[in-house]
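Quick one: the structure is below, and I'll ask about it shortly.
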């Protein structure tokens, strides 16, 4: 239970990823932020693993509420709590088949790595790296799918299209329905939303949670951790996306070495100062001595 919850989790550090040096990546993350998922994907990353295990082991759906027991106390989570905790939109698209056809066609060209229109069900390597990453984020953190992400599903392609073009999406309805599927025993929906559920449990009244652990750093998406994706997910994406970033690091490194060299030079110069002063004083004394001797000779 614990491993699957962590495996199907991915947080986004928006403050970091919005500084990405590649323009396409920044536009993708801004679109993801603008759609209303910043508070959901970027919520506090603290895990209460034992409490999560308890929560899922006895959770069930009652009407429009997910009910469970943690530390021997009743816990109820309903849509309004999701809205309040993560500032999710309550209006917009629910059925992605309603995404306008002309936008879908445009997306087939925009998402394509080759410039040729891709199918709405395609291999991820056929898309530009920023849209491969968007597909990965949605699969891990929104629709919560376990397993391989080599293929982009038709449903996820439509969702990516809606996000890219800034269409309003009813995230509370979509996410809460997925949440309910997670606790439905007969459902094949993978379990996830680990960090988000922990936020809700921590805010529950009269509930004291157990040991808290920091979210695994490699499960938090930043400019640096993009390159830690496994080859089956990355597939050269990071190499393209961080070419400029790597160059920036090289320049930064050179500047750092230059600064160290400057500091070293200053330190050496400071240490040599007494010796230099001694030489100067010696030269002055020598000059005075020579001048006085010369004056003596002239006087005579």
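I'd like to know if region 123-142 contains one or more residues that are under 29 Å from residue 222 (Cα atoms), assigned by TED's automatic domain parsing to the domain that holds residue 190 and surrounded by fewer than 16 Cβ atoms within 10 Å (Cβ to Cβ).
Yes, some residue in region 123-142 is under 29 Å from residue 222 (Cα atoms), assigned by TED's automatic domain parsing to the domain that holds residue 190 and surrounded by fewer than 16 Cβ atoms within 10 Å (Cβ to Cβ).
Here is a list: 52, 47. Which entry is buried (at least 22 other Cβ atoms within 10 Å of the Cβ) and touching a strand residue (DSSP E or B) at 6+ places or on another chain (Cβ under 6 Å)?
The match here is 47.
For region 31-66, give me the residue count where each residue is in a helix (DSSP H, G or I) and out of contact with any helix residue (DSSP H, G or I) (no Cβ under 9 Å at 6 or more places or on another chain).
3
Among the numbered criteria (1) touching a helix residue (DSSP H, G or I) at 6+ places or on another chain (Cβ under 8 Å); (2) under 23 Å from residue 171 (Cβ atoms); (3) modelled with pLDDT of 95 or more, which one does residue 82 miss?
(3)
Turning to a different aspect of this structure: Could you please let me know if residue 200 is at pLDDT 90 or above, closer than 25 Å to residue 83 by Cβ, under 24 Å from the mean Cα position of the chain (by Cα) and assigned to a loop (DSSP other than H, G, I, E, B)?
Taking the combined requirement at face value, the residue does not satisfy it.
Taking residue 66 as the residue in question, decide whether it is modelled with pLDDT of 95 or more, buried (at least 18 other Cβ atoms within 10 Å of the Cβ), farther than 24 Å from residue 24 by Cβ and in contact with a strand residue (DSSP E or B) (Cβ under 6 Å, 6 or more places away or on another chain).
Against the criterion (modelled with pLDDT of 95 or more, buried (at least 18 other Cβ atoms within 10 Å of the Cβ), farther than 24 Å from residue 24 by Cβ and in contact with a strand residue (DSSP E or B) (Cβ under 6 Å, 6 or more places away or on another chain)), residue 66 qualifies.
I would also like to ask the following. From 75, 70, 118, 104, which residue is in contact (Cβ under 8 Å) with a residue 24 or more places away in the chain and within 23 Å of residue 139 (Cα to Cα)?
Going through 75, 70, 118, 104 in turn, the sole match is 104.
The values are calculated or read from the model by the stated rules, or taken from the named source; none is laboratory data. Since we're looking at a predicted model, the values are computed, not measured. Every residue, glycine among them, receives a Cβ derived from its backbone with ideal geometry; neighbour counts consider all protein chains shown.
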